[in-house]
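The structure appears right after this line, and notes come after that.
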Amino acid sequence: MKTYSKYLAVGAVLISLTAVSCKKSFLDQTPEASIAGNNFYNSETDIKQAVTGAYSSIMDMGRISYWLFGEVRSDNTTYQNNTSDRGYEQREFIDQFLVGATAEPTQTYWQQNYTGIARCNEIIDRIADVPMAEDMRNQYQAEALFLRGFHYFNLVRQFGPVPLRLSSTKSPADAISTGRAAEAEVYAQIILDLKAASEKLPERYTAAEVGRATKGAALAMLAKVYMTQKNFNEALTTLRSVQTLGYSLLANYEDVFKPTNKNSVESLFEIQYLGAQPSLSSNFMYIFAPYTSGTAVTGDPGSPLGGSSGWNIPTQDMIDAYEPGDVRKGISLAENFTDAAGKVVNIPYVKKYNHGFVERGRTDDNFPVIRYADVLLMIAECLNEQGFTPDGEAFTLLNQIRTRAKLPAKTAANANAALRVANQEAFRDAILQERRVELAFENHRWYDLVRSGKAVSVLTEHGKHEIAQKIYIPAGSYQMNENKLLLPIPQREVNLDNLTQNP
């Protein structure tokens, strides 16, 4: 008898897969130790467990891999050099543009995304035969489609062409792919998945189910896909639909990230964490704290910091990106900490997810994926790409974000050169800058640089700054070129699945 929850072959690698049940909320789960695959999908409860299990894949990814490849790989953040603990050197290589095909973080990121895809495929393949109300069948299927689209969007932007797996793995032979699908084919499937999801997902949920994917989340992610393809007309049409769904900005930027405001009216989708449950809690505060900060940053005397801390450290360029008076700076990062001896130590750290601990080593912070501020900035960008209109709607949306940050408006003919945006190219730069500071440390910067065509030039300059500041780096560090915009395919996948390697 096959065991559904024990192993599933994905990419010629056996991956542990556990279905989970839903109790008080959609995150308050109890793992099932062993469930027979042929007998598992018999009821709506079984499907709901499987869907909740699919969400756990993005929880795993969100703790490290998600920000490692979206932030540390960009010019926003770096790492604190740890000369005594060299066990995380492969993470440093990601920052240095030296990551190789055998790097553990790359293999983990690939595996986490394909594990999530496999879980979604199981649901999509089996749900039609399970008796349940049609509205719930539509919702669960749409959630699986949304999550599958999300995973493929991660993969195609980081690796380029990837194997396109659209059905469940039923035998070892199924684990072998047909090779890397063309980027256009992968994007076409992502669009199909997100469109279908947006048609069936609810606009919102009752309290116990809040945090699941919604219609707004699917539409906003679909728009982001279109923008990555530079299809700004379709992106704008899609974003206009999001505008009708009741989202709005919170009055105070700081409130957006407080655990007490999870899944607020500004949030379209967040990676959910539950600090009360050890296996479901987040830990960003600990990972992002300088490893030499003791309890000064975390306030937790029972969780000593070590090599697993000192990551996602803001770069000086990121710190300098904030305009004077921008309230987002002090909310998003701190430039130093005071140690136990009362000495000010000038090592910056991400502060956006620092809201104390629930229990030692466990925090309750979610990780934002799409916020309404992101949507407004995307609309402004799309409008500008359709044609520059001095002080038109695009300016209104841009300045709506700036007003909350306590910054003066930018206009087309401002007497202050720093606030003047006189043409289409200048507006592109203004949007890229605003996205950087508004969405700092939320996993957008790398992707914004790549789709804007500025990644090589910006990261080359970033590399020069890092080389000048770091005491020890390997030869060849921070040398960016077009080939390095894609990660290498994990060598294990190349060997076992006979995949071609990136240049």
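Taking amide hydrogens as placed 1.01 Å from N in the peptide plane, the amide H of Val345 sits under 5 Å from those of Phe337, Thr338, Asp339, each at least 5 positions away in sequence or on another chain.
Projecting the Cα atoms of Asn121, Tyr226, Gln277 onto the charge dipole of the chain (Cβ charges, centred on the Cα centre) puts Gln277 farthest toward the positive pole. Other residues with beta-carbon under 10 Å from the beta-carbon of Ala405 carry, at +1 per Lys or Arg and -1 per Asp or Glu, a net charge of +1. Report the percentage of all Cα-Cα pairs in region 401-490 whose separation exceeds 16 Å, rounded to a whole percent. Result for the distance tail: 66 percent. Each of Ala142, Thr237, Tyr447 was placed along the dipole of the chain (beta-carbon charges, centred on the mean Cα), and the one lying farthest toward the positive end is Ala142.
Using all pairs of distinct alpha-carbon atoms, the Kirkwood hydrodynamic radius of region 238-306 works out to 14.8 angstrom. Only helices enter the 222 nm calculation for the chain: every DSSP H run of n ≥ 4 contributes -39,500 (n - 2.57), and dividing by all residues gives -13000 deg cm²/dmol, rounded to 500. Here the 3J(HN,Hα) profile of region 480-488, calculated from phi with Karplus coefficients 6.51, -1.76 and 1.60 at θ = phi - 60°, is 9, 8, 4, 4, 7, 6, 10, 6, x Hz, Gly and Pro shown as x. For region 392-455, the share of accessible area belonging to carbon and sulfur comes to 54 percent (1.4 Å probe, ligands and nucleic acids excluded). If only the Cβ of Lys and Arg carry +1 and only the Cβ of Asp and Glu carry -1, the dipole of the chain around its Cα centre is close to 160 debye.
If you add up the charges near Asp85, with Lys and Arg at +1 and Asp and Glu at -1, over every other residue whose beta carbon is less than 13 angstrom from its beta carbon, what do you get? Net charge around Asp85: 0.
So what is the relative contact order for the chain, in percent, with contacts set as C-alpha pairs under 8 Å and at least six apart?
Numbers: 881 pairs, mean separation 89.6, N = 503.
Rounded, it is 18 percent for the chain.
A dipole drawn for region 201-337 from +1 and -1 charges on Cβ atoms has a positive end, and of Gly330, Trp311, Val256 the residue lying farthest that way is Val256. Packing here is the average count of other Cβ atoms within 10 Å per residue, and on that basis the peptides 68-76, 257-265, 89-97, highest first, run 68-76, 89-97, 257-265.
The Kirkwood hydrodynamic radius of the chain, based on inverse pair distances between different Cα atoms, is 23.5 Å. Rg/Rh for region 305-457 stands at 1.02; both radii use Cα atoms, and Rh follows the Kirkwood definition.
Run the accessible area of region 181-235 with a 1.4 Å probe and give the carbon-and-sulfur part as a rounded percent.
Values: 1190 of 2210 Å².
After summing per-atom areas, the C and S share lands at 54 percent.
Size of the dipole of region 339-416 about the Cα centre, Lys and Arg at +1 and Asp and Glu at -1 on the beta carbon, nothing else charged, in debye to 20? If you can, show how the numbers build up before the last one.
Details: 10 positive and 9 negative charges, 86 e Å.
Rounded to the nearest 20 debye, it is 420 debye.
With +1 on the Cβ of every Lys and Arg and -1 on the Cβ of every Asp and Glu, and nothing else charged, how large is the dipole of region 304-438 about its Cα centre, in debye rounded to the nearest 20? Intermediate results must be reported in sequence, preceding the final value.
Numbers: 16 positive and 18 negative charges, 77 e Å.
Dipole of region 304-438, to the nearest 20 debye: 360 debye.
Backbone phi angles across region 274-291, fed through the Karplus curve with coefficients 6.51, -1.76 and 1.60 (θ = phi - 60°), yield HN-Hα couplings of 9, x, 6, 10, x, 7, 10, 7, 9, 8, 4, 4, 6, 5, 7, 6, x, 5 Hz in residue order; Gly and Pro are listed as x.
Please compute one quarter of the surface area of the Cα convex hull for region 272-337 and express it in square nanometres. If you can, show how the numbers build up before the last one.
Numbers: hull surface 22.7 nm².
Convex hull of Cα atoms, orientation-averaged projection: 5.7 nm².
Solvent-accessible area assigned to carbon and sulfur over region 28-155 amounts to 46 percent, based on a 1.4 Å probe. For Val369, the residues whose modelled amide H falls within less than 5 Å of its own, excluding neighbours fewer than 5 places apart on the same chain, are Phe269, Glu270, Ile271. Per residue, the accessible area of the chain comes to 38 Å², computed with a 1.4 Å probe over protein heavy atoms only. Ordered from largest to smallest accessible area (heavy atoms of protein chains, 1.4 Å probe), the residues Lys224, Lys230, Lys329 come out as Lys230, Lys329, Lys224. Amide H to amide H distances under 5 Å link Lys258 with no residue, where only residues 5 or more positions off or on other chains count and H is placed in the peptide plane. Taken one residue at a time, the phi angles of region 335-349 give Karplus couplings (6.51, -1.76, 1.60, θ = phi - 60°) of 8, 6, 9, 9, 7, 5, 8, x, 8, 7, 10, 8, 10, x, 7 Hz. Gly and Pro are set to x.
The values are calculated or read from the model by the stated rules, or taken from the named source; none is laboratory data. Just so it is clear, the model here is predicted, and its values are computed rather than measured. A quick note on method: Cβ atoms are made from the backbone with ideal geometry, for glycine too, and the neighbour counts reach across all protein chains shown. All accessible areas refer to the heavy atoms of the entire protein, side chains included, with ligands and DNA or RNA removed. Shrake-Rupley method; radii C 1.70, N 1.55, O 1.52, S 1.80 Å.
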